[in-house]
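Novice: One structure, pasted below without further comment.
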Ligand code: SF4
């Protein structure tokens, strides 16, 4: 059986969900025998690959770059998992929605000008810093999500249980195919 191709993706989040994934400790070693990690912020791979079986996605959709990337991830991945509350509900990054009132300019004004010592200005860096969206969105508002792993962050135990179930299901699906065609 080919190893399952797994990706992890980091959008608007604090990286705590990725830390929880890394807390899997020895299960990670077990995992590397059964899966291939094909994309992750902890690896130096620039382009999201094709034919990914499962992506664990941390964080909410906060800017234009996230928006473009999550659509690409959806198009190239069989199973999308919202990893943690920011991905599932918007959670912490979505708190700015109340301040912005549907306009990212209000948030920038507050952060760079109103809270400055008096000489602050909104940086203009087109093409360098991605454009903020007017409203932070949970993943499901942009693409179809197949599974949710709630928590802030979801515990390592919860992630381990979920991945074990997914791997067992993949193995039994393959066995059923073998019986059908064998
Ligand atoms: Fe961080 Fe919690 Fe958001 Fe995960 S769900 S990225 S731990 S704030």
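Novice: Please go through the stretch 1-39 and pick out each residue that is assigned to a loop (DSSP other than H, G, I, E, B) and under 14 Å from residue 77 (Cα atoms).
Specialist: Going residue by residue through the stretch 1-39, those that are assigned to a loop (DSSP other than H, G, I, E, B) are 1-3, 11, 13-15, 23-25.
Correct list: empty.
Novice: Could you please give the count of residues in the stretch 52-81 that are under 23 Å from residue 160 (Cα atoms), more than 10 Å from the ligand (Cβ to nearest atom) and not in a helix (DSSP H, G or I)?
Specialist: The qualifying residues number 11.
Novice: Of everything in the stretch 146-155, what is farther than 14 Å from residue 90 by Cα and either within 11 Å of the ligand (Cβ to nearest atom) or touching a helix residue (DSSP H, G or I) at 6+ places or on another chain (Cβ under 8 Å) (or both)? Give them in sequence order.
Specialist: Going through the stretch 146-155, the residues farther than 14 Å from residue 90 by Cα turn out to be 146-147, 154-155.
Hits for the stretch 146-155 are 147, 154, 155.
Novice: Follow-up. How many residues does the stretch 1-30 contain that are more than 15 Å from the ligand (Cβ to nearest atom) and touching a strand residue (DSSP E or B) at 6+ places or on another chain (Cβ under 8 Å)?
Specialist: 5
Novice: Turning to a different aspect of this structure: Would you tally the residues in the stretch 76-96 being in contact with a strand residue (DSSP E or B) (Cβ under 6 Å, 6 or more places away or on another chain) and under 19 Å from residue 159 (Cβ atoms)?
Specialist: Summing the residues that are in contact with a strand residue (DSSP E or B) (Cβ under 6 Å, 6 or more places away or on another chain) and under 19 Å from residue 159 (Cβ atoms) in the stretch 76-96 gives 11.
Novice: Given the options 94, 111, 88, name the one that is in contact (Cβ under 8 Å) with a residue 60 or more places away in the chain and over 24 Å from residue 35 (Cα atoms). Break it down stepwise before answering.
Specialist: On the way: 94 fails: in contact (Cβ under 8 Å) with a residue 60 or more places away in the chain; 111 fails: in contact (Cβ under 8 Å) with a residue 60 or more places away in the chain.
Of the residues listed, the single one that is in contact (Cβ under 8 Å) with a residue 60 or more places away in the chain and over 24 Å from residue 35 (Cα atoms) is 88.
Novice: Can you find a residue in the stretch 31-48 that is at pLDDT 95 or above, closer than 23 Å to residue 161 by Cβ and within 12 Å of the ligand (Cβ to nearest atom)?
Specialist: The answer is no, given that none of the residues of the stretch 31-48 is at pLDDT 95 or above, closer than 23 Å to residue 161 by Cβ and within 12 Å of the ligand (Cβ to nearest atom).
Novice: Would you check if residue 66 is in contact (Cβ under 8 Å) with a residue 24 or more places away in the chain and crowded, with 16+ Cβ neighbours inside 10 Å?
Specialist: Numbers: in contact (Cβ under 8 Å) with a residue 24 or more places away in the chain: yes; crowded, with 16+ Cβ neighbours inside 10 Å: yes.
Taking the combined requirement at face value, the residue satisfies it.
Novice: On to the next question. Which numbered condition trips up residue 124, out of (1) surrounded by 13 or more Cβ atoms within 10 Å (Cβ to Cβ); (2) more than 16 Å from the ligand (Cβ to nearest atom)?
Specialist: (1)
Novice: Looking at (1) within 13 Å of the ligand (Cβ to nearest atom); (2) surrounded by 12 or more Cβ atoms within 10 Å (Cβ to Cβ); (3) farther than 30 Å from residue 3 by Cβ, which is the only condition residue 95 fails?
Specialist: (2)
The values are calculated or read from the model by the stated rules, or taken from the named source; none is laboratory data. Please read all numbers here as calculations on a predicted model, not as lab measurements. Neighbour counts run over all protein chains shown; Cβ positions are idealised from the backbone, glycine included.
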